[in-house]
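So the structure is just underneath, and the comments pick up after that.
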Amino acid sequence: MRDATRTAKFGHPQLPDEQRDALRRAVRLEWVTIGVLTVTATLMFLVLGSSQAMRVAWIEDLLSFLPPIAFLMATRVIRRPPTRDHPYGLHRATGIAHLVAAVALLVMGAYLIVDSGFKLVIAEHPTIGGIEVLGRTVWLGWLMVATLAVTSVAPVILGRAKLTLSETLHDKVLYADADMNKADWMTGAAAIAGIVGIGVGWWWADSVAALLISVSILHDGLRNLRGAVAGLMDRRARTYDDEAPHPLTDRIDEHLTALPWVEEARSRVRELGHVFHVESFVVPREGMTPSLEDLEAARSECVDMDWKVQDMVIVPTAGLPSGFLPGLSTSGQDH
């Protein structure tokens with residue numbers, strides 16, 4: 001009689017130590033980011049003036065709250081174990097958070113482009129007055145420039161720190177946030193150029209700078225929306241930055257094909273947030289029927305390849321199902 005206490009190894013139920021530590025650091029960085037953004041948005045509001053570029057830069061700071069908030073909310077949800085209603089766990093909460101942040105960026109970017117473009121078309125001439133500081137009148141533009149210069153530094157530093165963690169965690173929300181933070185200096189530079197333009201009499205410089213910032217927001221929204229929707233539609237697993245298919249799929253296929261009882265093998269790998277769900281189809285060699293021990297050993301070896309293999313099944317089949325594995329001919333060979 002089979003040992004009832006024996007449990008098959010389908011995947012990694014918990015994050016390894018390195019990833020758990022990275023997740024803790026990422027959470028701390030996101031809380032720091034929220035604190036920095038709170039100070040930044042407040043300072044920007046205090047010196048807002050009538051500059052369109054300054055207003056758009058301030059709105060971008062407000063939008064920058066979305067990715068860290070989405071990340072922190074998703075992090076709480078994904079810790080819950082699988083249930084009867086959610087047998088794959090709740091890892092897709094990361095993808096949903098990514099989608100929400102992307103849609104917000106896209107909508108606001110489109111609105112700001114229309115708004116900034118309209119002000120450029122009607123040739124609106126913004127003015128920046130003076131303000132009393134310690135009994136002396138100071139041009140508000142200088143305070144705007146100083147505020148933009150100072151507040152553009154912290155996001156860049158935070159973005160670079162989060163970029164490394166996003167690779168360790170395979171976290172696309174964190175990567176999107178890091179990428180936006182890294183590019184914040186461009187927003188600050190564009191806004192400064194617009195303000196200085198007003199100072200030298202180039203009324204159009206402010207609207208052009210605002211338009212450039214708006215295009216940057218729209219671009220971030222489009223890129224993140226494309227990645228979030230593709231992930232939720234079960235696109236094959238890709239690297240954390242969406243630049244290429246994840247190499248783990250090929251590694252699993254190569255390992256399975258090298259087993260003495262396997263004629264050929266192909267896998268379908270999809271992302272569930274940080275982790276992967278793997279379905280591998282294997283064609284046994286003629287006259288060789290794999291035992292349960294063979295299948296379990298093959299699965300355990302593949303699971304041990306990478307912590308991201310959260311769930312894996314191996315399906316012995318008489319031939320590779322080309323209808324479910326695009327790229328295969330009817331004979332099971334690659335096109």
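Just to confirm the number: angle between the C-alpha axis of helix 66-78 and the first principal axis of the chain, 0 to 90 degrees, nearest 10? Approximately 30 degrees, to the nearest ten.
Amide H contacts of residue 272: 277, each under 5 Å away and 5 or more positions distant or on a separate chain (H built 1.01 Å from N in the peptide plane; Pro and chain starts excluded).
For segment 264-322 versus segment 216-247, the inter-centroid distance based on Cα atoms is 25 Å.
Under the rule of -39500 (n - 2.57) per DSSP H run of 4 or more residues, summed and divided by the residues of the chain, what mean residue ellipticity at 222 nm is obtained, to the nearest 500 deg cm²/dmol? Walk me through the numbers on the way to the answer.
Working: 11 runs with 192 residues, N = 335.
The helix contribution divided over the chain gives -19500 deg cm²/dmol.
Based on C-alpha pairs under 8 angstrom that are at least 6 apart in sequence, segment 248-316 has a relative contact order of 33 percent. For segment 21-125, applying the loop criterion from DSSP together with a ceiling of 11 other beta carbons within 10 Å to the trypsin sites (Lys or Arg not before Pro) yields 84. Note on the chain: Lys pairs 8 or more places apart or on different chains, Cα atoms under 20 Å apart, count 6. The alpha carbons of segment 248-316 stretch over 40, 19, 16 Å along the principal axes, in descending order. Helix 292-303 axis versus longest C-alpha principal axis of the chain: approximately 20°, rounded to the nearest ten. Seen against the Cα atoms of the chain and their longest principal axis, helix 17-46 is set at about 20 degrees. Short-range pairs are left out: with C-alpha atoms under 8 Å and at least six residues apart, the relative contact order of the chain is 21 percent.
For the chain, excluding the exposed loop sites themselves (GluC sites (Glu not before Pro), DSSP loop, at most 10 other Cβ atoms within 10 Å), the longest remaining stretch covers 1-242. Shown is the FRET efficiency for residue 243 and residue 153, computed with R0 = 25 Å from the Cβ-Cβ distance and rounded to the nearest 0.05: 0.35. Our estimate of slack between residue 223 and residue 164, defined as 0.36 nm per intervening residue step minus the Cα-Cα distance, is 19.3 nm.
Values quoted throughout were computed directly from the atomic coordinates according to the rules given, and no laboratory measurement underlies them. A quick note: this is a predicted structure, and the numbers were derived from the prediction, not measured. Note that each Cβ is placed from the backbone with ideal geometry, even for glycine, and that neighbours are counted across all protein chains shown.
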